[in-house]
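What follows draws every value from the coordinates through simple rules; no lab data is involved. As the structure is a computational prediction, the values presented were derived from the model and not from experiment.
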Amino acid sequence: MVQEGQSQGREKAAWWFQVRLWSVALISIALIAACFILSCVVTYFKCDRTGKKLSELQTHYSSLTCFSEGTRVSVWGCCPSTWKPFGSSCYFVSTEQNFWTKSEQNCVGMGAHLVVINTEAEQNFIIQQLNESLSYFLGLSDPQGNGNWQWIDKTPYKENVRLWHQNEPNFSAEECASIVFWNQRGWGWNDVFCDSSRHSICEMKKIYL
């Protein structure tokens, strides 16, 4: 009788062990499947967004130039062939002169916006592409003329770098910003009339492949 009870106990224990083993296996399989599905979904949307962006750019540009930017993982950053790459952005210096609003419209028409300068290093790169005898619109304006300067991409102005020439901005009616070279001062920002005619700089985010 004792042996029969012990035998039943062992069988029950073995049965429970198998149940737990299969439960762990099924849960593991379910987790792996969930991770795989999530990875596929993320990859799909990432590729879908990249594909849409590339498709949009191809309506404006015949070719892109790509640079390897990865370390452990192969990553390629692409810009239109006529644009200059720096950091995570591409830059284009317009050879035409327009009002600030028209300049922004032209940038938007190329899938970009007037340049937003976030760091001094970024400005140092940009000025290498500029002509010291010209003035260029930035994506920075003060629409109400009350000192509330705003970047075109909604970057917080007060938290961002500010590289105005000394004593600038100095006139509330000048509601747009430009970057200009002044002798003995070098490059810096200056407030100007939005309806003045100037060159401009466009910026777009790189496409990563």
Taking every alpha carbon pair in the stretch 88-204 and sorting the distances into 10 angstrom bins from 0 up to the bin holding the longest one, the percent per bin comes out as 14, 52, 32, 2
Counting sequence-distant residues (5 or more places) and residues on other chains, those with an amide H built under 5 Å from that of LEU138 are ALA177, SER178, ILE179
Listed by chain and number, the residues whose amide H is under 5 Å from that of SER196, excluding neighbours fewer than 5 places away on the same chain and using placed H, are TRP100
The set of residues whose placed amide H lies less than 5 Å from the amide H of ILE207, leaving out same-chain residues fewer than 5 positions away, is CYS78
For the stretch 132-138, in residue order, the Karplus 3J(HN,Hα) values (coefficients 6.51, -1.76, 1.60; θ = phi - 60°; whole Hz; Gly and Pro = x) are 5, 8, 10, 10, 10, 5, 9
Computed ³J(HN,Hα) along the stretch 90-103: with the Karplus parameters 6.51/-1.76/1.60, θ = phi - 60°, integer Hz and x for glycine or proline, the list is 10, 10, 9, 9, 6, 8, 9, 10, 8, 5, 4, 4, 5, 4
Rounded to the nearest Å, the spacing of the alpha-carbon centers of the stretch 97-113 and the stretch 114-171 is 16 Å
Calc'd 3J(HN,Hα), the stretch 115-123, phi into Karplus 6.51 cos²θ - 1.76 cosθ + 1.60 (θ = phi - 60°), Hz, glycine/Pro = x, comes to 4, 10, 9, 9, 9, 5, 4, 5, 5
